[in-house]
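Colleague: Before I ask anything, let me first share the structure, which is written out below as structure tokens.
All of the numbers you see were taken from the coordinates with simple rules; none came from a lab. Just so you know, these numbers come straight off a predicted model, no measurement behind them. Here the Cβ positions follow ideal geometry from the backbone for every residue, glycine too, while neighbour counts run over all protein chains shown.
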Amino acid sequence: MTTVNGLPAHILLVHAIVVLLPLSALLLVLSALWPAARAKLAGPNAILSVLVVVLVPITTEAGEWLERRVARTPLVRTHTELGDTAIWVAIPVAVLALLVWWRQRETRRSGRTFLAPASTAVTVVISVLAVAAAGAAVFDIYRIGDSGAQATWQGQFSSAPAAGGPGH
């Protein structure tokens with residue numbers, strides 16, 4: 001995907017990642033730590049987190065297309081390199097969201113279980129991993145977004161209002 005309605009697809013797709021990956025990370029923490037939230041949020045978050053994993057490479061590919069069409073600067077290079085890390089924080093969020101959902105599913109079913117839904121030790125391990133993965137995902141997306149904003153806006157505006165602009 002290269003453009004959408006005349007705009008580079010990356011600048012549109014990136015908004016989905018900036019919103020949906022932190023949202024999925026938050027829902028992961030809530031569903032890992034809070035049984036009532038787990039019952040309601042584990043399934044939808046498993047779907048959301050897999051969707052994010054699908055969207056990340058589409059967004060980075062669109063970013064690489066855009067990179068070939070803008071001036072090569074150190075800020076653009078930094079943003080591109082950081083953008084390549086998004087998949088490595090999205091995957092653990094998705095895997096853990098799927099584990100939380102599967103364990104929730106197993107608590108409602110009788111018979112053979114694989115992920116020990118009644119085990120407090122397994123719940124604690126998954127919860128700790130969920131908090132760590134969510135924190136890493138939010139921090140990484142912040143870094144990527146900040147570097148993209150720096151690459152786009154640094155030196156592109158004035159601190160003084162433009163002459164003839166609104167309010168003049």
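Colleague: Work out the FRET efficiency for residue 116 and residue 139 from their Cβ-Cβ distance, taking R0 = 35 Å, and round it to the nearest 0.05.
Modeller: Here the calculated transfer efficiency is 0.70.
Colleague: At a 10 angstrom cut-off on C-beta neighbours, averaged per residue, how do the peptides 17-23, 89-95 rank from highest to lowest?
Modeller: Order by mean packing, descending: 89-95, 17-23.
Colleague: So, counting K/R as plus one and D/E as minus one, what does the shell of residues with Cβ under 14 Å around residue 130 add up to?
Modeller: Charge balance near residue 130 sits at +2.
Colleague: Also, I was wondering about something else. For every other residue with a beta carbon closer than 13 angstrom to the beta carbon of residue 22, add +1 if it is Lys or Arg and -1 if Asp or Glu, then tell me the sum.
Modeller: Net charge in that neighbourhood comes out at 0.
Colleague: Can you tell me the orientation of helix 120-153 relative to the chain, as the angle in degrees between its alpha-carbon axis and the longest Cα principal axis, to the nearest 10?
Modeller: 10
Colleague: Right, another one. If you compute Kirkwood radius over Cα pairs in Å for the structure shown, which of (1) 17.8; (2) 20.0; (3) 18.2 do you land on?
Modeller: Answer by label: (1).
Colleague: Which of these, 128, 52, 138, has the largest mean-square fluctuation under a Gaussian network model of the chain (Cα springs below 10 Å)?
Modeller: Looking only at 128, 52, 138, the largest GNM fluctuation is found for 128.
Colleague: Can you pull out the trypsin sites (Lys or Arg not before Pro) in the range 90-154 whose DSSP state is coil and whose Cβ has at most 12 other Cβ atoms within 10 Å?
Modeller: 109, 112
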